[in-house]
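**Student:** One structure, as structure tokens, below. Some questions next.
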Amino acid sequence: MSTYNGYTNYETWRVNLEIFDGMDPKDWGFNISDSYDLGQCLKEYASDLIEQGSAEGLARDYALAFLDAVNYREIAEHMISDYAEEEEGAI
């Protein structure tokens, strides 16, 4: 299995960079230590962006297929880790 810039794959890295970079896990309304629930919320959010922002058709289908390869739990774990580091540094 290949990795990309420290992430599971290119899709995970790219979606994190383009959609979630700089977002705070507490903004999602979940316990910030629960990477599974946060990951599910992130997945739904990304899918909604594509479904609401594009017309039905081949390009939309490809975009949704791209999102299926994303490891949302990994993104959530990075968000939680980054948040913990920021909170630690603020003390």
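Taken together, the values in this text are just the output of simple stated rules run on the coordinates, not laboratory data. Just so you know, these numbers come straight off a predicted model, no measurement behind them. All Cβ positions, even for glycine, are placed from backbone atoms using ideal geometry, and neighbour counts span all protein chains on display.
**Student:** Under 10 Å, Cα contacts only: if you run a Gaussian network model on the chain, which one of LEU42, LEU67, LEU58 comes out with the highest mean-square fluctuation?
**Tutor:** LEU58
**Student:** Against the longest alpha carbon principal axis of the chain, how many degrees, from 0 to 90 and to the nearest 10, is the axis of helix 72-90 turned?
**Tutor:** Approximately 30 degrees, to the nearest 10.
**Student:** Something else: Calculate I(q)/I(0) for the chain by the Debye formula, one identical point scatterer on each C-alpha and no solvent, and give its log10 at q = 0.16, 0.24 Å⁻¹ to two decimals.
**Tutor:** Reported log10 I(q)/I(0), two decimals: -0.66, -1.22.
**Student:** How long is the gain from GLU88 to ASN5 if the chain were fully straight, where each residue apart is worth 0.36 nm and the alpha carbon distance is subtracted?
**Tutor:** Contour length minus Cα-Cα distance gives 27.4 nm.
**Student:** Taking region 41-79, which GluC sites (Glu not before Pro) meet the DSSP loop condition and have no more than 12 other C-beta atoms within 10 Å?
**Tutor:** For GluC sites (Glu not before Pro) across region 41-79 that sit outside H, G, I, E and B with at most 12 neighbouring Cβ atoms in 10 Å, the list reads GLU56.
**Student:** Taking other Cβ within 10 Å of each residue's Cβ, how do LEU38, LEU17 sort, fewest first?
**Tutor:** Least to most surrounded, the residues fall as LEU17, LEU38.
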